[in-house]
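The values are calculated or read from the model by the stated rules, or taken from the named source; none is laboratory data. Keep in mind that what you see is a predicted model, and the values were worked out from it rather than measured. Every residue, glycine among them, receives a Cβ derived from its backbone with ideal geometry; neighbour counts consider all protein chains shown. Accessible surface areas use protein heavy atoms only, side chains included; no ligands, DNA or RNA. Shrake-Rupley method; radii C 1.70, N 1.55, O 1.52, S 1.80 Å.
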Amino acid sequence: TAVKSSNQSGGGNGDDPQPDAVLHPSRINTNVVNAEYAVRGKLYLAAQARQQSGKKVILTNVGNPQALGQKPITFPRQVLALVTYPELIPRAAQLGIPTDAAARAQKYLEAVGSTGAYQDSRGNALVRKEVAEFLGRRDGFEGVVDDVFLTDGASVGITLCMRIAIRSRSDGVMMPIPQYPLYSATVEVLGGTRVDYLLDERGDEWALSVPELERAYVAAERARVTPRVLVVINPGNPTGQCMSLDNLREVLRWCARRRVVLFADEVYQTNIYDEARRPFISFRKALGSLRADRDAAASQVEMFSFHTVSKGAFGECGRRGAYFEAINIHAGTKAEVYKLLSMNLSSNVDGQIYVGLMVNPPKMGEPSYELYEQETRGIISSLCRRAQMLTAAFNALEGVSCSAVEGAMYAFPQIELPSGAIDAAKRLGHTPDEYYCLELLDKTGICAVPGSGFGQRDGSFHFRTTILPPESMFEHIVAAFSKFHADFLRQHSPAHARM
């Protein structure tokens, strides 16, 4: 169950203090009422109530790194401090701020004028240039500044591009199951139709297969829905898998053949925990490899790709900084994107600067380089250890299996629930995995998200938890979870029910 209106009754409800309100829940846009967002849903509300009662809560329901103790990276904070209060720049050395941070702050100030001033609606030209240069370094072929747009977080960019693509209920958006609920909620609000394709939970990882894309596409057509968008989240959220180059190329060819626009959600691209075996490869880089092979799909597939400062070692969720790139998108449509962005005048300037700092970090030989590398590598290395610890702990529990967390910030274990738990959930009006997570919160203070909020195969049950709590807490978290799980199985076993 996800966030929805608390009162959707009509005007005849005697308990309703505003039954005749113009904006009564029964009289507002039904697409808004029908949209669900499990990450901030029933579990989150229960966790807030628990906190307000004075009890401890470990919020593992959302990828919010700094809320769970991740330390900010020094260099971008120094630059932003100087840009925000330029009078400090002449005294930077006295304050212990390196010369490269002061120089970068001066450069941004010259570009933006003031962080309190609107910028071009596409984003500041200097930062967009830095993004284009980053894309060139990452993928091996030049980025185009006019293809880059800056937004207040990746979600804003994704929603804007969806608004461009969705025209009516006959337009379908293909999304993975399990998926990040932003997509299903956005498609509902915009009046499109959700088309699910199933990720394959096999062996030690989740996989995306082109035959499954084809199955979902054909099924949608039979239902008189035309898929126009394919969403791929890589690395996966909530599943944590990283896609291979061959898999990426297959998907690109399929999109070109079926004339489906690809939305490449790549916000976790620096959260990679097995670089040697499964590195992050962007869809853009895979597109470049098709171009090198003179594959016609390279010029035919239309794509938006998204990245953000909220994840990775930065973890700056509150800065709301992100970019998206429009690849092979018609020039006239890019002009419409610009128009939609112009309606909001400008994304926040601190977020724009943070994007520049993310894609253009200190270089070897510069004063801030060693500390920056030490901090970023330390965060990713710690997340890697936490991912391995959590996966091993889940796989050691009775009736629990968890695929390897190759990337992103989450584990998504599958749980086998006894019939007693399923019956108890039904009596209380919960889905079985929601009931499990509510009990977990009540007994341990750990707030996870039920798999039903992300979508899952019928008859299977999962939950999502982040790997973000401090490493020092993991032994306690694992012990508390293990005890809860054993007690839960015992409480809902047939033998216990007969007692």
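Could you tell me the ratio Rg/Rh of region 66-148? Both radii from Cα atoms, Rh via Kirkwood. Walk me through the numbers before you get to the answer.
On the way: Rg = 15.0 Å, Rh = 14.5 Å.
Expressed as Rg/Rh, it is 1.04.
Shape of region 402-495 from its Cα gyration tensor (a ≥ b ≥ c, root eigenvalues): rounded if a/c is under 1.5, otherwise prolate when a/b > b/c, or oblate?
Numbers: a/c = 1.98, a/b = 1.34, b/c = 1.48.
Cα axes put region 402-495 in the oblate bin.
According to the square roots a ≥ b ≥ c of the eigenvalues of the Cα gyration tensor, what is the shape class of region 62-106, taking rounded for a/c under 1.5, prolate for a/b larger than b/c otherwise, and oblate for the remainder?
Since a/c reaches 1.5 and a/b is larger than b/c, the shape of region 62-106 is classed as prolate.
Any chance you could check the Cα centroid distance between region 88-133 and region 417-495 for me, in angstrom?
46
Show which aspartates and glutamates lie in cross-link reach of LYS339 when reach means a straight Cα distance below 17 angstrom and same-chain residues fewer than eight apart are skipped.
ASP120, ASP146, ASP147, ASP152, GLU325
In whole Hz, with x marking every Gly and Pro, tabulate ³J(HN,Hα) for region 265-275 from phi via Karplus 6.51 cos²θ - 1.76 cosθ + 1.60, θ = phi - 60°.
8, 10, 5, 9, 5, 9, 8, 10, 10, 9, 4
Would you mind classifying region 95-230 by shape? Square roots of the alpha carbon gyration tensor eigenvalues, ordered a ≥ b ≥ c; an a/c under 1.5 is rounded, otherwise it is prolate if a/b is larger than b/c and oblate if not. Provide the component values of the computation, followed by the final result.
Values: a/c = 2.83, a/b = 2.01, b/c = 1.40.
The shape class here is prolate.
Within the chain, what whole-number % of the accessible surface is contributed by carbon and sulfur, with the 1.4 Å probe and all protein chains included in the calculation?
Working: 11230 of 21750 Å².
Within the chain, the accessible surface is 52 percent carbon and sulfur.
What's the magnitude of the charge dipole for the chain around its Cα centre, counting Lys and Arg as +1 and Asp and Glu as -1 at the beta-carbon? Answer in Debye, nearest 20.
On the way: 54 positive and 54 negative charges, 94 e Å.
Dipole magnitude for the chain comes out near 460 debye.
What area, in nm² and to one decimal, does the C-alpha convex hull of region 107-175 cast on average over all directions?
Dividing the Cα hull surface by four gives the mean projection, 6.6 nm².
When 1/r is averaged over all different Cα pairs and the result inverted, which Kirkwood radius in Å belongs to region 27-87? Don't jump to the answer; show the numbers that get you there.
Values: mean 1/r = 0.0651 Å⁻¹.
After inverting the pairwise mean of 1/r, the radius is 15.4 Å.
Give me the orientation-averaged projected area of the Cα convex hull of region 177-236, in nm², one decimal.
Working: hull surface 17.6 nm².
Answer in nm², one decimal: 4.4.
For helix 349-359, report the angle its Cα long axis makes with the longest principal axis of the Cα atoms of the chain; keep it between 0 and 90° and round to the nearest 10°.
Approximately 80 degrees, to the nearest ten.
Any chance you could tell me what percent of the C-alpha pair distances in the chain go past 37 Å?
Values: 39757 of 124251 pairs.
The share of Cα pairs beyond 37 Å in the chain comes to 32 percent.
Are there any trypsin sites (Lys or Arg not before Pro) in region 307-368 that are in a DSSP loop and have at most 12 other Cβ atoms within 10 Å? List them by number. Can you show the working numbers first?
Working: sites: LYS311, ARG319, ARG320, LYS334, LYS339, LYS363; in loops: LYS311, ARG320, LYS363.
Passing sites in region 307-368 are LYS363.
Step through the residues of region 236-243 one at a time and calculate ³J(HN,Hα) from phi using the Karplus curve (6.51 cos²θ - 1.76 cosθ + 1.60, θ = phi - 60°), rounding each to whole Hz and writing x for Gly and Pro.
x, 10, x, 8, x, 8, 10, 7
Given the pairs LYS107/LYS334; LYS311/LYS443; LYS56/LYS363; LYS42/LYS311, which span a C-alpha to C-alpha distance of over 32 angstrom in this model? Could the numbers behind the result be given before it?
Working: LYS107/LYS334 28 Å; LYS311/LYS443 30 Å; LYS56/LYS363 42 Å; LYS42/LYS311 24 Å.
Long pairs (Cα-Cα over 32 Å): LYS56/LYS363.
Can you list the HN-Hα couplings for region 79-88, worked out from phi with the Karplus curve (6.51, -1.76, 1.60; θ = phi - 60°), rounded to whole Hz and with x for Gly and Pro?
For region 79-88, the Karplus-derived couplings read 4, 5, 4, 6, 5, 6, 10, x, 4, 7 Hz, x marking Gly and Pro.
Any idea what log10 I(q)/I(0) is at q = 0.12, 0.16, 0.18 Å⁻¹ for region 228-351, Debye with uniform C-alpha scatterers and no solvent?
Debye intensities relative to I(0), on a log10 scale: -0.51, -0.87, -1.05.
At 1.4 Å probe size, with no ligands or nucleic acids counted, give the accessible surface of THR376 in Å², nearest ten.
Surface open to solvent at THR376 totals about 20 Å².
To the nearest 500 deg cm²/dmol, what mean residue ellipticity at 222 nm is calculated for the chain from DSSP H runs of n ≥ 4 alone, each contributing -39,500 (n - 2.57), summed and divided by the residues?
On the way: 18 runs with 215 residues, N = 499.
The helix contribution divided over the chain gives -13500 deg cm²/dmol.
If I take every Cα pair under 8 Å that is 6 or more residues apart in region 83-172, average their sequence separation and divide by the length, what percent do I get for the relative contact order? Display every interim value, and only then the final one.
Details: 53 pairs, mean separation 16.0, N = 90.
Worked out over region 83-172, it gives 18 percent.
If the cut-off is a Cα-Cα distance under 15 Å, which aspartates and glutamates reach LYS55, setting aside same-chain residues fewer than 8 apart in sequence?
Reachable aspartates and glutamates: GLU439, ASP442.
Over the chain, what is the mean sequence separation of C-alpha contacts under 8 Å (at least six apart), divided by residue count, expressed as relative contact order in percent? Don't skip to the answer; put the middle values down first.
Details: 921 pairs, mean separation 100.8, N = 499.
Worked out over the chain, it gives 20 percent.
Among TYR354, PRO418, PHE474, whose Cα sits farthest toward the positive end of the charge dipole of the chain (+1 at Cβ of Lys/Arg, -1 at Cβ of Asp/Glu, about the Cα centre)?
Sorting the options by dipole projection puts first PRO418.
Given the whole protein assembly as supplied and a 1.4 Å probe, what does the accessible area of ASP350 come to in Å², nearest 10?
Roughly 50 Å² of ASP350 is accessible to a 1.4 Å probe.
When you take every Cα atom in region 25-164, what is the radius of gyration, and what is Dmax, the widest Cα pair distance, in Å?
Cα-based Rg and Dmax for region 25-164 come out at 20.9, 61 Å.
Where only protein heavy atoms count, and the probe is 1.4 Å, what is the accessible area per residue for the chain in Å²? The partial results should precede the final answer.
Details: 21750 Å² over 499 residues.
The answer is 44 Å² per residue.
Amide H to amide H, which residues 5 or more places from VAL261 or on other chains are under 5 Å from it, using H placed in the peptide plane?
VAL229, LEU230
Return, for the Cα atoms of region 306-434, the radius of gyration and Dmax in Å, separated by a comma.
21.9, 64
Once the principal axes of the Cα atoms of region 224-270 are found, what is the range along each, listed largest first in whole angstroms?
36, 21, 14
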